[in-house]
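Beneath this line is the structure, given in structure tokens, with notes to follow.
Quick note: the coordinates plus some simple rules give every number you see, no bench work behind them. From a predicted model like this one, the values you see are computed outputs, not experimental measurements. Cβ sites come from the backbone with ideal geometry, for glycine too, and all protein chains shown count toward neighbours.
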Amino acid sequence: MNATVIETRGLTKRYGPTVAVEGLDLEIRKGEVFGLLGPNGSGKTTTILMLIGLTEPTSGELSVLGLDPRLTPLMVKRQVGYLPDAVGFYDELTAWENLRYITKLNGLPAAEADRRIGAALERMGLARVANQRVATFSRGMRQRLGLAELLCKTPQVVILDEPTLGLDPEAARDFLALIRQLKEDGITVLLSSHLLHQVQEVCDRVGLFSRGRMLLTGSVEALARQVLGSAWRVHLEAQPAPSDPEGALLRAALEQVPGVRLVQAESTGHWRVDAQQDVRSELAQAALGAGARLIGLTQARPGLDEVYARYFQEAADEA
Ligand SMILES: Nc1ncnc2c1ncn2[C@@H]1O[C@H](COP(=O)(O)OP(=O)(O)OP(=O)(O)O)[C@@H](O)[C@H]1O
């Protein structure tokens, strides 16, 4: 198993009477992409700020790359790239000049800085606009420039606060693809977002936050299984046999497939099947066995939005 890169135990932050983060136990391993997910005000930013030593925890333990950000904030900052939700650049300088300025502040020798800046801009798809003033950049380009800035530090860990905020769907998808590339380089990524459906594709694991507490953690599939009781969803289109006009036989056949949890008629000839594992071929066989004409079978993963909504609905019902 990969080394633990970020670890917290009972991490808590209070602002006067407000509990921003309470009793957070977190363990993130090298090369993981971990998503802190939850609505506005649930404690994601405060968690991030504690991890990079920008705010003091009220109590609890934390370690980032084996260091305590309370004791050695500069050493942590040197190895951890942090992209806040609003990235600030000098609008009148070009992309290259902005990065050059920052690398100079970080004490990087000029030749090495030029090499890293060139590579980072290329990697972020900004090489063509390297000499363009940042004032002319879209929000998506600024975000990519923010990531390029982080890469100049050759960080081991990258922490991104709401990285897709304000991006249109295409720019958001592109940005998430860049995050996936960081993982391929062995960089550990922690990102926060309230856009559950958007980040679920890119995260190996997620922690769902609510009111300062991380209530659920795991892979999207594990959470779906835990909360919804199933992790696979298949949409099946079939015309029942002429002798089974209501589709009752077809439905019974689908229900009998091992692993199937729920079969629901969505509209005439359309069925939704929730299952514990991939049962597509078994469903196809069952449909044919019931004399139906199989028209189509598509698979969709239940989304985090649904997990989140169901989990909090159940918690509210219990309360
Ligand atoms: N400096 C502060 N002083 C007082 N209260 C604060 C401070 N920073 C955050 N809080 C409170 O702590 C709670 C958690 O806020 P936090 O910013 O961590 O949430 P978040 O999940 O990152 O939300 P968002 O998505 O809106 O950034 C909120 O109730 C917030 O009002």
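Remark: segment 160-305 carries a charge dipole of roughly 400 debye about the Cα centre, counting +1 on each Lys and Arg Cβ and -1 on each Asp and Glu Cβ.
If segment 14-129 were replaced by its equivalent ellipsoid, with semi-axes equal to the square roots of 5 times the Cα gyration tensor eigenvalues, what would those be, largest first, whole Å? Write out the running numbers ahead of the final one.
On the way: eigenvalues 202, 56, 42 Å².
Semi-axes from the Cα gyration tensor: 32, 17, 15 Å.
Could you run the Debye sum over the Cα atoms of segment 103-161, one equal point scatterer each and no solvent, and tell me log10 of I(q)/I(0) at q = 0.26 Å⁻¹, two decimals? Here the Debye-derived log intensity ratios amount to -1.17. Within the chain, antiparallel bridges make up roughly 70 percent of the DSSP beta bridges whose residues both belong there. Projected label points at Gln299 and Glu56, each 7 Å from Cα along the beta carbon direction, are separated by 5.2 nanometres. Couplings for segment 138-145, taken from phi via the Karplus curve 6.51 cos²θ - 1.76 cosθ + 1.60 with θ = phi - 60°, read 6, 4, x, 5, 4, 4, 5, 5 Hz in order; Gly and Pro are left as x. Placing R0 at 51 angstrom, the Cβ-Cβ distance between His235 and Gln132 gives a FRET efficiency of 0.65 after rounding to 0.05.
Given axes a ≥ b ≥ c from the Cα gyration tensor, I'd like to know whether segment 1-75 is rounded (a/c under 1.5), prolate (a/b larger than b/c) or oblate. Provide the component values of the computation, followed by the final result.
Values: a/c = 1.96, a/b = 1.32, b/c = 1.48.
Oblate.
Taking Cα atoms of segment 201-319, Rg/Rh with Kirkwood Rh, to two decimals?
Values: Rg = 16.7 Å, Rh = 15.5 Å.
With Rh from the inverse mean 1/r over Cα pairs, Rg/Rh is 1.08.
Close amide H pairs (under 5 Å, H built 1.01 Å from N) link Val5 with Ile28, Arg29, Lys30, residues at least 5 positions away or on another chain. Taking a ≥ b ≥ c as the square roots of the Cα gyration tensor eigenvalues, segment 232-300 comes out prolate, since a/c reaches at least 1.5 and a/b is larger than b/c. Shown here: segment 153-256, whose C-alpha atoms stretch 69, 31, 27 Å along the first, second and third principal axes, sorted largest to smallest.
List the relative contact order of segment 232-300 as a percent without decimals, with contacts defined as Cα pairs under 8 Å and 6+ residues apart.
Details: 129 pairs, mean separation 34.3, N = 69.
50 percent.
Positive end of the dipole of segment 4-218 (Cβ unit charges, origin at the Cα centre): among His197, Pro69, Leu83, the Cα lying farthest that way belongs to Pro69.
When the inverse distances between all different Cα atoms of the chain are averaged and flipped, the Kirkwood radius reads 22.1 angstrom.
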